[in-house]
Ligand SMILES: Cc1cc2nc3c(=O)[nH]c(=O)nc-3n(C[C@H](O)[C@H](O)[C@H](O)COP(=O)(O)O)c2cc1C
C-alpha cells in the first residue's frame with residue numbers, strides 16, 4: 001500500500017465514563033504514532049434503533065447507519081475495544097455491526113463495509129478476565145463477515161483501577177501491549193494493501 005493506512009477506532013460502549021473508550025483512545029494514539037490516519041468515534045454520537053427488518057424494508061437504513069457504513073468503507077482497518085456484557089459483546093456493538101452489514105441496493109456486493117478490512121481487538125472490564133469472553137464472540141462474528149482479525153489481542157482486567165489520571169494504563173506492560181497491537185495493525189494493514 002502506498003497510501004497512509006486509515007484506521008477507524010471505537011469502543012462498543014455508550015457509557016460516558018467507559019473504560020473501553022479510554023482504552024481505544026490509547027490504541028488510536030499509538031496507531032497514529034505508527035503512521036496511520038485514525039478516526040476515533042464515539043458510538044453515542046450515532047444513535048440507532050435496534051435493527052428490525054420490517055422497518056428496514058419500509059424505510060431503508062437510518063441516517064446514522066449510512067454514516068457509520070460510509071466510515072467503515074472509507075477506512076482500511078478497525079480498532080475495537082469491546083465491553084463484556086453477560087460473557088459476550090454489548091448489544092450496542094452488535095447492533096452497529098448488524099446495521100453496517102446491510103446492503104443498500106441489489107448492485108452492492110454483500111458485506112461491502114467489512115470484506116478485507118483488518119481489525120485489532122481489545123477489551124476492558126472491572127472483572128478478573130478483562131472482557132476476554134466478549135472477544136471470543138466478537139472475533140468469530142468479524143471473521144465470519146470477512147474481516148482479517150489479528151491473532152493478538154489485549155484484555156484489561158480490574159479496569160476500574162487500571163488507568164491513571166492522564167488516561168494511560170498504570171501497568172507499563174499492558175500499555176506496551178496496546179502500543180504493539182496498534183503498531184501491528186498498522187503494519188499488517190499496510191502489507192495487505
Ligand atoms: C448488562 C451487563 C452485563 C455485564 N456482564 C459482564 C460480564 O459478563 N463480564 C464482565 O466482566 N463484566 C460485565 N459487566 C460489567 C461491565 O464490564 C462494566 O459495566 C464495564 O464498565 C462496561 O464497559 P465500559 O466501562 O466500557 O462501559 C456487565 C455490565 C452490564 C451492564
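Where a number appears in this text, it was derived from the coordinates with a stated rule and is not lab data. As the structure is a computational prediction, the values presented were derived from the model and not from experiment. Every residue, glycine among them, receives a Cβ derived from its backbone with ideal geometry; neighbour counts consider all protein chains shown.
Numbers for the structure displayed
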quantity: Single unsatisfied condition, residue 7 versus (1) more than 16 Å from the ligand (Cβ to nearest atom); (2) part of a helix (DSSP H, G or I); (3) surrounded by 24 or more Cβ atoms within 10 Å (Cβ to Cβ); calculated: (2)
quantity: Conditions (1) free of Cβ contacts under 8 Å to residues at least 60 places away in the same chain; (2) part of a loop (DSSP other than H, G, I, E, B); (3) touching a helix residue (DSSP H, G or I) at 6+ places or on another chain (Cβ under 9 Å); number of the one not met by residue 32; calculated: (2)
quantity: Considering residues of the stretch 83-138 that are without any contact (Cβ under 8 Å) to a residue 24 or more places away in the chain and in a loop (DSSP other than H, G, I, E, B) only, the residue nearest to residue 161 (Cα to Cα); calculated: 86
quantity: Which listed residue, of 167, 193, is within 15 Å of the ligand (Cβ to nearest atom), touching a residue at least 40 places away in the same chain (Cβ under 8 Å) and over 21 Å from residue 87 (Cβ atoms); calculated: 167
quantity: Matching residues, the stretch 68-112, being farther than 22 Å from residue 189 by Cα, surrounded by 15 or more Cβ atoms within 10 Å (Cβ to Cβ) and either within 16 Å of the ligand (Cβ to nearest atom) or over 15 Å from the mean Cα position of the chain (by Cα) (or both); calculated: 83, 84, 85, 88, 89, 90, 92, 93, 94, 95, 96, 102
quantity: The lone exception for residue 20 - which of (1) in contact with a helix residue (DSSP H, G or I) (Cβ under 6 Å, 6 or more places away or on another chain); (2) closer than 19 Å to residue 142 by Cα; (3) surrounded by 22 or more Cβ atoms within 10 Å (Cβ to Cβ) it fails; calculated: (1)
quantity: Scope the stretch 17-42; condition within 11 Å of the ligand (Cβ to nearest atom) and within 19 Å of residue 95 (Cβ to Cβ); matching residues; calculated: 18, 20, 21, 24
